[in-house]
1. From the alpha carbon gyration tensor of the chain, can you work out the equivalent ellipsoid semi-axes (sqrt of 5 times each eigenvalue) and give them in Å, largest to smallest?
2. Would you please name the GluC sites (Glu not before Pro) within region 19-88 that are DSSP coil residues with at most 14 other C-beta atoms within 10 Å of their C-beta?
3. Dividing the Cα radius of gyration by the Kirkwood radius, what Rg/Rh value follows for region 362-435?
4. Positive end of the dipole of the chain, charges at C-beta (+1 Lys, Arg; -1 Asp, Glu), about the Cα centre: which of His96, Phe410, Tyr137 has its Cα farthest in that direction?
5. In vacuo Debye scattering of region 62-155, one point per C-alpha: log10 I(q)/I(0) at q = 0.11, 0.17, 0.22, 0.24 Å⁻¹?
6. Would you grab the residues whose amide H sits under 5 Å from the one on Arg394? Only those 5+ places off in sequence or on another chain, please, with H modelled 1.01 Å from N.
7. Going by how many other Cβ atoms sit within 10 Å of their own, how do His47, His96 line up, fewest first?
8. May I ask which of Lys244/Lys448; Lys372/Lys433; Lys219/Lys293; Lys293/Lys408 have a Cα-Cα span longer than 28 Å here?
Amino acid sequence: MATETLNAPASPSTAALPSLEELWMPFTANRAFKRAPRMFVGAKDMHYVTADGRRVLDGTAGLWCVNAGHCRDSITAAIREQAGVMDYAPPFQMGHPLEFELAQQLSRMLPADVDHVFFSNSGSEAVDTALKMALAYWQSKGQPQRARFIGRARGYHGVGFGGTAVGGIEANRKQFAAQLLPLVDHLPATHDLSRNAFSRGQPAHGAEFADALEQLIAKHGGDTIAAVIIEPVAGSTGVLVPPKGYLERLRAICDQHGILLIFDEVITGFGRLGASFAAEKFGVIPDMMTIAKGLTNAAVPMGAVCLRGPIYRSVLEASAAGIEFFHGYTYSGHPLAAAAGLATLEIYRSEGLFERAASLESYWADAAHALKGLPNVIDIRTIGLVAGVELAARPGAVGTRGFDTFLKCFETGVMVRSTADTIALSPPLIVEKQQIDEMFDTLGKAIKATA
Ligand SMILES: Cc1ncc(COP(=O)(O)O)c(C=O)c1O
């Protein structure tokens with residue numbers, strides 16, 4: 001990989017920081033952050049640089065999104081060039097070649113007949129779009145009573161009202177519970193520490209968790225269910241890898257009852273698991289996939305729904321002449337995002353980054369599982385270039401041990417992510433072996449320090 005020259009101001013200084021009061025930060029403890037801010041001011045390849053000039057190794061690819069590493073020259077150049085050629089074009093009743101080119105290139109990477117693409121600007125928007133598409137599809141099929149969605153406990157599908165409703169992380173739902181979508185149920189999470197602790201790859205036990213779908217079908221009638229949406233590997237809730245046979249069983253039950261299966265691949269797409277998508281890794285093909293993050297290497301926001309051709313055609317053919325799907329965003333297929341997406345896919349291809357992730361998987365798993373036996377480590381889960389290290393919660397203070405461990409790692413030069421008491425790692429796919437060692441070495445020391 002290229003030698004890094006960090007992008008950062010010549011002499012960064014906290015004195016130069018603006019007022020912190022006015023900004024309401026997302027998913028952040030605002031009061032605590034503003035008392036002791038953590039600021040990044042530059043990034044290149046595998047590293048960030050902080051406002052006080054420290055290098056921090058990126059163990060999380062930003063937020064699971066900078067899969068090709070930071071500030072890649074060809075992506076930067078593509079964005080810069082496009083900004084000078086055409087900054088914006090309206091996506092309603094107008095088009096521009098780059099968005100079609102990107103859709104075509106994506107469709108070649110996608111599994112089976114998942115070969116159509118609708119652009120959004122984020123994973124959340126992709127999820128809400130997919131849910132609307134499912135409803136539009138069943139209307140087009142003359143089955144408008146299929147309006148129920150099934151999500152899964154501990155699932156994360158972004159922050160739109162649709163995604164929040166099908167999502168299953170309680171903390172994300174409780175402030176809004178009064179107004180979430182009404183026709184939603186949840187499958188149980190697949191996490192089973194008693195049988196599957198310290199699994200490498202897919203855990204052996206738990207395919208039968210999929211049978212809960214049969215119970216929901218018995219309760220509501222299969223012909224009232226529009227779609228099931230799950231993350232193939234749940235990321236934000238703390239890295240939950242699907243048990244062997246689980247996804248296959250879910251697919252079979254959906255097929256039996258004609259229910260659409262949506263994989264939310266916002267995290268699992270673009271090489272994260274050592275394959276293009278989780279659908280390829282696990283050999284289970286959904287009817288729709290939501291993607292975002294690695295699509296543009298996060299350099300410009302962009303998301304998408306990828307769907308099977310028959311769904312697209314059904315909605316079009318059932319519609320009167322004119323607009324077929326009353327949905328879209330001002331920035332759908334934005335020229336800068338499309339340019340960034342094309343440059344990103346080119347890097348993935350030319351550097352073989354998905355294959356690279358696959359080839360590092362076992363080194364990565366060895367390094368992660370070497371933390372077994374450290375104080376409070378109750379589980380380690382790995383797949384592809386993802387690891388979750390679960391720590392025992394402090395009595396009455398869930399999440400504080402995880403957060404303290406994250407802070408310690410940050411202070412000692414490695415960016416990890418904590419969700420409750422699970423530490424998640426998901427580095428850019430350009431990571432080197434000695435950087436993997438550095439990540440887990442630093443994490444191990446932090447775990448000891450916060451014991
Ligand atoms: C599985 C999944 N779906 C949806 C989202 C939401 O994406 P965004 O934050 O781009 O709206 C995320 C974000 O982490 C995610 O992990």
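Bear in mind that the values in this text are calculations on the coordinates, not laboratory data. Keep in mind that this is a model prediction, so the values were computed, not measured. Because the Cβ atoms are built from the backbone with ideal geometry, glycine has one as well, and the counts that use them run over all protein chains shown.
1. Numbers: eigenvalues 230, 157, 85 Å².
Calculated on Cα positions only, the semi-axes equal 34, 28, 21 Å.
2. Working: sites: Glu21, Glu22, Glu81; in loops: Glu21, Glu22.
Listed in order of number, the matching sites are Glu21, Glu22.
3. Working: Rg = 12.3 Å, Rh = 12.7 Å.
Here Rg/Rh amounts to 0.96.
4. Phe410
5. -0.52, -1.12, -1.42, -1.44
6. HN-HN under 5 Å from Arg394: Gly399, Thr400, Arg401.
7. Working: His47 22, His96 18.
With the sparsest Cβ surroundings first, the list reads His96, His47.
8. Working: Lys244/Lys448 33 Å; Lys372/Lys433 19 Å; Lys219/Lys293 36 Å; Lys293/Lys408 26 Å.
Going by Cα-Cα distance, Lys244/Lys448; Lys219/Lys293 fall outside the 28 Å limit.
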